[in-house]
Each structure stands twice: as C-alpha cells, then as structure tokens.
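**Q** Before I ask anything, here is the structure I am working with.
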Amino acid sequence: MVVGLLWVVALLNYMDRQMLSTMQVAIGHTITPLQDPATFGWVMSIFLWIYGFMSPVSGIIADRLNRKWLIVGSLGVWSAVTSLMGMCGPDDYNWFVALRALMGVSEALYIPAALSLIADYFTGGARSLAVGVHMTGLYMGQALGGFGATIAHKISWQDTFHWFGIIGIAYAVILILLLHDKGRSKAEQAAIKKAEKLESETVWRSLGMILTNIAFWVILFFFAAISLPGWATKNWLPTLFSDSLGQPLEIAGPIATISIAVSSFIGVMVGGPLSDRWVKRNLKGRVYTSAIGIAMMIPALVLMGFGHNIVAAVCAALFFGLGYGMYDANNMPILCQFVPARQRGTAYGFMNTCGVIAGALTTMALGAIAQSYGLGFGFVVMAGVLVVALILQLTMLNPKTDNMESDSSDAPEAAPATKQNLAKA
C-alpha cells in the first residue's frame, strides 16, 4: 500500500517538472525571453540547482522528522507552485523563474523521505523490486510530461499547469488519510533520543561518518555520472529527436519520453527481481545488476548522438531506458549495503545533490553545445563518462552485508542503554 500510494506521488513529481521541457514553443509565445534556447536551458537548470543544494538538508530532515508529513507537505507545495505557474502572463518572466526555483525546494524534500521509508518497510529480498516499482512512477510521470506540448496545443499551457497542480493538491489530502510512517526499531529510537539531547553534534557526527565511507564516495561518483545522461534525456532528448527526425516537439516529445519510460519500466521489472535473487547467492549481485544496466546505456547514448532516423532514435531510447531501469532499481538497495538505516536519508540527499548539480551543469552545457556542435555530440561525450563510472563500480564496491543495520561506533553505546532500560523494567 505504501509503495502504491507513493507511486502516484512519484508520477506527479516528475510530470510537473517534466512538462516544461516540451513547452518551450508554447510558453515562448507568451513569455518571449523563453524563446531563446540558452535562456530556456537556464530556466530549466535553476530548478536543478535549487533541488541539488536542498537535497542534503532534505535527507537530514527525512532522517529526523515524520516522513508522512514531509511527503504530504512537499506534494502540496510543489502542486500549488505548478498551479501558480499557469497564471503567469507576458510580463511575469521573473515570477515564472521564482516559481520554478520554489518547485526545486519543495520537490527536493520528497525522494529521500520516500526511498528511506520504502527501504524501512522492505528489509528482505524484495527491496530492489519495491524501490524499482516506486521508480516506475517517475518514469510514468516523465512519459506523461512528454505530452505537455500536446495538451498545451489543444488547450493552453496555462490551463495545463493549473489543473495538474490542482490534481496534486487533491491527492495530498488522500495521503493525509492513508499514508503512515513506519515505526522505528529500538536501536533507531535510542539514536533519536540521543539526537534530541545533542542534535547539532549528532548531525555533524552522522555527516562525518557518511563522508569518511570510501564506498559511499564511489556510489556518489557513479550516481552523479549516470545523472548526466539521465537529466540530459529528460530535458533535451525531445529537442534532439525534434532536430534529428525533423518533427515538431508535440510529436518528438512523446516519442522520446514514452520510449524511455516504457523501457525503463521493463528494466525495473527485470533488474529488481534479478538483483533480489542474485544477492542471495552473491552479495555483489546488486552491484552486478546495476553494472549491466550502465553497460547498456553506453552504446545507447552513442546511437542517440549519431542516429538520424526514427528506427535508430527509438532503438536507442529503448535500450537506454532498459539499462537505466536496471540501474535505478538498485541505487537505494546498494546504498543500504554500505550505510546504516538512520543515515540513509542523509546519504541519499547527498547523492541527489551531486546528481542534480551534474544534471544542471549538463542541461546548461547542452544548451550551449547545441548552438556550436549539435546536441548529438554532447550525448556521445557522456557515454565516455559512463565507461569510467562502470569501471569504478565493479572494482571498488565489495559489500559485506545486504542490509547494514548499524555502525561499529554506535553499537557499543546502544547495548548498555538497552540493558539499563530492561533492568529498570
């Protein structure tokens, strides 16, 4: 039930942000500065910058507050922002940019809280599948967002933003009634009580333990590396397909987003169960499954850059999405092998920061590359970055457990406290 409820939130999360990438022409007719590709790229990237810098804070908050209300509040705010964007007129460029930035703040609060909540509910062999199923909501949101230009062509871009925002606000009310946070274990409750006494010291200590973990830095690097093409396909693939196929955005947008979303769903449904079974025989099974996905994305990016017909474009998108789904289903499960439960929201927040900042730089860079060398060249360069990430992942990540429950420094302190409480009882 939790995965199902959060699946819809994930869909709204990506759909509300993705719609803008296909609406440049429609919005540009109203807000003229957005007709310039460089300006449009900057407006899309401002969301990523804010989202990225907010992610560590969001992770810390997710590890310490009730995740239900964090998710409900996040959904309510970004849905209200989406609705307000639909009210912008010809003279509201600065207002439009400010709302896009506020969307970055509110959406950043969601992913660390949602994934840590799912990881707490699924501690057994179904963790990769559960995380992966949730991720398919993001893919569906990305696919539906690709129809933004199509819907805007039928009605208006203002009404499109306005009504999808209203839908999100209504669903936030449903979550208030049905979603529940998971109770903490005794060890986690002890850690929270300790955090209430020495909150600032606990935060900095937790950050220090995460940032001195070599495996976490490797995870951080390949997460950021895959975020380059991940965000590039979200923000620029509709434009690349429009240019290479000679089709308008209202046709090229759905082709790009649906191809990747459908194949990513298949990748999750293959990669999740494969990882859950493989890890029972080999603790590195999740790493190997993720690596297979990354290896599939490399030739797909090259084909995206060099392909100039509908068959090449769709095949590249399908192959990329299949690999991305296998990789995406295993991000949090791999993190769980190296980071204890009460620090996973914080750790994933840092991952989001690096990934989103990498995506913001890529989004802006591709806007400039498009004018000088063409978008295809940028996609080929990103394939080379993935080769380095793949090598590091396979050589540096060697898990000792599938679910790290606690760290050695905290374990001695938790045990005496538990014995004292039992003695008092």
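The values are calculated or read from the model by the stated rules, or taken from the named source; none is laboratory data. Here the structure is a predicted model, which is why all the values come from computation and not from measurement. For neighbour counting, all protein chains shown are included, and Cβ atoms are generated from backbone atoms with ideal geometry for every residue, glycine included. These area figures cover heavy atoms from the full protein model, side chains too; ligands, DNA and RNA do not enter into them. Shrake-Rupley method; radii C 1.70, N 1.55, O 1.52, S 1.80 Å.
**Q** What is the count of Lys pairs in the chain whose alpha carbons sit under 15 Å apart, if the two are 8 or more places apart or on different chains?
**A** Lysine pairs satisfying the spacing and distance rule in the chain number 5.
**Q** On to the next question. Given the rule -39500 (n - 2.57) for each run of at least 4 DSSP H residues, summed and divided by the residues of the chain, what is its mean residue ellipticity at 222 nm, to the nearest 500 deg cm²/dmol?
**A** -27500 deg cm²/dmol, from helical runs alone.
**Q** On average, how much accessible surface per residue is there in region 329-390, in Å², for a 1.4 Å probe, leaving out ligands, DNA and RNA?
**A** Computed with neighbouring chains in place, this is 26 Å² per residue.
**Q** In degrees, nearest 10, range 0 to 90: what is the angle between the Cα axis of helix 199-211 and the longest Cα principal axis of the chain?
**A** Roughly 70 degrees between the two axes.
**Q** A further question follows. Using only the alpha-carbon atoms, what does region 1-155 span along each of its principal axes? Please give whole angstrom values in decreasing order.
**A** If we take the Cα atoms of region 1-155, the spans are 52, 29, 24 Å.
**Q** Given H placed on each backbone N at 1.01 Å, which residues far from residue 181 in sequence or on other chains put an amide H within less than 5 Å of it?
**A** Result for residue 181 returns 68.
**Q** Let me ask another. Which three numbers, in whole Å and largest first, are the semi-axes of the equivalent ellipsoid of the chain derived from its Cα gyration tensor as √(5λ)?
**A** Ellipsoid semi-axes (Å, largest first): 36, 25, 18.
**Q** Show me the ranking of peptides 297-303, 153-159 by mean Cβ neighbours inside 10 Å, starting with the highest.
**A** Peptide ranking by packing, descending: 297-303, 153-159.
**Q** OK, next. How far is helix 67-85 tilted, in degrees, relative to the longest principal axis of the Cα atoms in the chain, given as a value from 0 to 90 rounded to the nearest 10?
**A** 20 degrees
**Q** Going by average Cβ density within 10 Å per residue, which order do the peptides 52-58, 126-132, 328-334 take, highest to lowest?
**A** Going from most to least packed, we get 328-334, 126-132, 52-58.
**Q** Mean separation of Cα pairs under 8 Å and 6+ residues apart, divided by the residue count of region 290-371: what relative contact order is that in percent?
**A** 29 percent
**Q** Let me ask something else. Could you list log10 I(q)/I(0) for region 97-179 at q = 0.15, 0.19, 0.23 Å⁻¹, which the Debye formula gives when each Cα is one point scatterer?
**A** For region 97-179, the Cα-only Debye profile gives -0.76, -1.10, -1.31.
**Q** Which order do the peptides 107-118, 375-386 come out in when sorted by mean C-beta neighbours inside 10 angstrom, highest first?
**A** 107-118, 375-386
**Q** Let me ask another. For region 213-313, what is the accessible area per residue in Å², given a 1.4 Å probe and the full set of protein chains?
**A** I get 36 Å² per residue for region 213-313.
**Q** Taking N as the number of residues in region 20-96, what value does Rg over Cα atoms divided by 2.2 N^0.38 Å take?
**A** 1.34
**Q** Could you give me the ³J(HN,Hα) list for region 98-113, computed from phi with Karplus coefficients 6.51, -1.76, 1.60 and θ = phi - 60°, whole Hz, x at Gly and Pro?
**A** Per residue, the Karplus-derived 3J(HN,Hα) values read 4, 5, 4, 5, 5, 4, x, 5, 6, 6, 5, 6, 7, 4, x, 5 Hz.
**Q** Averaging sequence separations of C-alpha pairs under 8 Å and six or more residues apart, then dividing by the length of region 63-178, give the relative contact order as a whole percent.
**A** 46 percent
**Q** Rounded to whole Hz and in sequence order, give me ³J(HN,Hα) for region 346-353 from the Karplus expression 6.51 cos²θ - 1.76 cosθ + 1.60, θ = phi - 60°, writing x for Gly and Pro.
**A** 4, 4, 5, x, 5, 4, 4, 4
**Q** Could you list the square roots of 5 times each eigenvalue of the Cα gyration tensor of region 279-357, that is, the equivalent ellipsoid semi-axes, sorted largest first and rounded to whole Å?
**A** 30, 16, 8
**Q** Quick one: putting +1 on the C-beta of Lys and Arg, -1 on the C-beta of Asp and Glu, what dipole do you get for the chain around its Cα centre, in Debye to the nearest 20? Walk me through the numbers on the way to the answer.
**A** Values: 25 positive and 22 negative charges, 278 e Å.
For the chain, the charge dipole is close to 1340 debye.
**Q** When the accessible area of the chain is computed with all protein chains present and a 1.4 Å probe, what percentage of it is carbon and sulfur? Intermediate values should be presented prior to the final figure.
**A** Working: 11550 of 16430 Å².
That share works out to 70 percent.
**Q** Restricting to Cα pairs below 8 Å that are 6+ residues apart, what does the relative contact order work out to for the chain? Please round to a whole percent.
**A** Across the chain, relative contact order equals 25 percent.
**Q** If you don't mind, there's one more thing I want to ask. For region 98-164 and region 264-326, compute the distance between their C-alpha centroids and round to whole Å.
**A** 20 Å
**Q** Can you run phi through the Karplus equation (6.51, -1.76, 1.60; θ = phi - 60°) for region 376-390 and list ³J(HN,Hα) in whole Hz, with x for Gly and Pro?
**A** Rounded to whole hertz, the list is x, 4, x, 5, 5, 4, 5, 4, x, 5, 5, 4, 5, 4, 5.
**Q** Helix 2-18: angle to the longest alpha-carbon principal axis of the chain, degrees 0 to 90, nearest 10?
**A** The helix 2-18 is inclined about 40 degrees to the chain.
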